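Peer 1: Got a structure here, written out as structure tokens. Questions coming.
Only the coordinates and a few stated rules stand behind these numbers; no lab work does. As the structure is a computational prediction, the values presented were derived from the model and not from experiment. Quick reminder, even Gly has a Cβ in these numbers, built from the backbone with ideal geometry, and neighbours come from all protein chains shown.
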Amino acid sequence: MNVHNNTPGTFAALSSDEAGRWLHARLATSFGAPNTFVPRGFEAYARILHPILRDRPKAPETWETVLTSETPAMEDELVSWATVAAVQGKRVERYSHGAELVPPVGIDPSKPWVDAQGWRYGETEEGFLDAHTLARVAVILSRHTSTPANGVAALWEGWGSGNSVRYSSSKARNVLNTIRWLTEGVRAKAHPAQSLAPPGRLELPGRTHRLYSAGITEFTDPEWPSRAPWADAEGDAHSPNILWPADRAWVLVTEVDYDSTIVGGSRALMGALLASPGVEALEVGEDIEEYLLMAPGDNGN
């Protein structure tokens, strides 16, 4: 399908849930059942693994000195699950859980578990797809819909409108980075106050979402958080929990409690996602949620 427009437009709150009612027929009627969050009925599905943040002190700092330094110098980067698994002598399988990749936690926080190059690895992030990865995925999605400039973004009401969620590189284990984004370059200037009507509320099993009009082309620019109506005063915004185009050619779901984002659509779309550099994606089935809800280590591989 052709991309009609690749220029980001303007987000806007939707006044009702009409645009999202089609999801009711594609989802379970009770919380916790198969397809509670990921709509059934698409030709194919892929699982996009949320990148993991790793960090280390910049020389001459060391892990022994960095916690006592007044101005610690650190470097960090986002890496794939495959990178983290390789460091630990593991493999990433189709239904692996991110929790299986969490490195051992030491008793002394000044001596964290690090690899041979001094990198410390964070936990996988649930319910959040960083702006750069989402932008890469959005470029691909925009080529597989007839309505790339028209669509809907649904944001879980629990995040709060205008209150983005900040993530540490390792949550409880990372003292240095307790308040930070996962990616560089997405923190913009103060987001101007907006006088908008409250967005429509879409009630789904176990979750209530606020709805906004937003074509997928909005997200092809990693600076999209600074334009989102739900951004905070510093221009930070949580990634949408559900995205779909007006023609419903595909759906993207970043469920609050999942360590990966699920995309349903055509086989051609899944092929493009699996082949895309910078996107760690695995082909899965419509029953993917049955595996994501399992306990780590019991993934059916």
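Peer 1: Can you tell me what the convex hull of the Cα atoms of segment 35-103 projects to on average, as an area in nm²?
Peer 2: So the mean shadow area of the Cα hull is 7.2 nm².
Peer 1: What does the net charge come to around residue 38 if you take all other residues with beta carbon closer than 13 Å to its beta carbon, with K and R at +1 and D and E at -1?
Peer 2: So the environment of residue 38 carries a net charge of -2.
Peer 1: As an exercise, use a Förster radius of 22 Å and the Cβ-Cβ distance of residue 24 and residue 146 to find the FRET efficiency, rounded to the nearest 0.05.
Peer 2: Step by step, r from the Cβ atoms, then E = 0.40.
Peer 1: Something else about it: At what distance in nm do the modelled label points of residue 61 and residue 94 sit from each other, each positioned 7 Å from its Cα along Cα→Cβ?
Peer 2: Calculated label separation equals 4.3 nm.
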